[in-house]
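Notes follow once the structure below has been shown.
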Amino acid sequence: MHILQAIILGLVQGLTEFIPVSSSGHLLFIEKLMGWDTGKMAFDVALHLGTLAALLCFFWNDWMSILSSFGRRIFRGMPYEKQSEEGRTGKLLVPIIIATIPAALVGYKFDKHIESMRDRPWMLPAVAGALALIAIVMLLAERVGQKKRAMGSMVYADYIIVGCAQALALFPGVSRSGITISAGLFRGLDRAAAARFSFLLSTPIIFGAGLMKLKDLLKTGLPHGEMMIFLVGFVAAAISGYLAVRFLMSYLQRGSLKVFAAYRFLLAAVILVAFLR
């Protein structure tokens, strides 16, 4: 892999991991279209760590508030602060852990199985189908969701439903942010609240996936000559990921998911045309 390829793939990973258009679908399509190998373990770790860094950087204050509030409650017996609209309270820690369980179980059970199917001839059409199907889900969520509830009004049914939705994102083309934000909208959350909880929820699962891949990498070691590729991929994914999160959180204050659904339909059509050729 060349430096330019690492930059391009890192930028694509960061942007599409958080904008609801599917990072895995984009990377798989680029791999097939350009003949690039995006499946190198070291580079995969770099992309995971880069997107994790983007999340932690943007939501640092949220996580510090969540952890410090939880710590004061557990170790000092102090009551939780009044829940704010942003949900910066220790009360969120346990719900996030519980909501992470479905995706963690599905990932542990099926991640390697799905990875092994990347080269199957039907995978790209399946990705196109997932892109279109979740686009329809996003449009339905926009249409029927009341979009009135703040994150502070969430109950355990909301956490579990959004957590189960996240478990579906393992399949390429689904999009973690797309499916979880849609689930939040179906539960009546406003767009900004659904997006914020989606990103907070994705942090531990991205951390866990990155940790597992890093553990595998440490067993074999970083291949000779790939340190620069690793660093370039990490930085590109981190910068583009941070900008993507910042953009989406700002955009959803006033805009809808319709534009992303339209893009997903377009990308699905492009993939099918390329595949049929």
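Where a number appears in this text, it was derived from the coordinates with a stated rule and is not lab data. In this text, all values refer to a predicted model and were calculated from it rather than measured experimentally. All Cβ positions, even for glycine, are placed from backbone atoms using ideal geometry, and neighbour counts span all protein chains on display.
Assorted remarks:
- Spin-label pair LYS219-PHE247: with each label point 7 Å from Cα along the Cα-Cβ axis, the two points sit 3.7 nm from one another.
- Among the listed pairs LYS32/LYS213; LYS112/LYS213; LYS32/LYS219, a Cα-Cα separation exceeding 18 Å is found for LYS32/LYS213; LYS32/LYS219.
- Helical segments meeting 18 Å axial Cα length and Kyte-Doolittle 0.0 threshold in the chain (DSSP H): 3-18, 41-58, 93-115, 123-144, 191-220, 227-251, 258-276
- Difference of contour (0.36 nm per residue) and Cα-Cα distance, ASN61 to VAL270: 71.2 nm
- Segment 50-69-segment 157-219 distance, computed between alpha-carbon centres (Å): 15 Å
- The lysines whose alpha-carbon is closer than 25 Å to the alpha-carbon of LYS258, local same-chain residues fewer than 8 away aside, are LYS147, LYS148.
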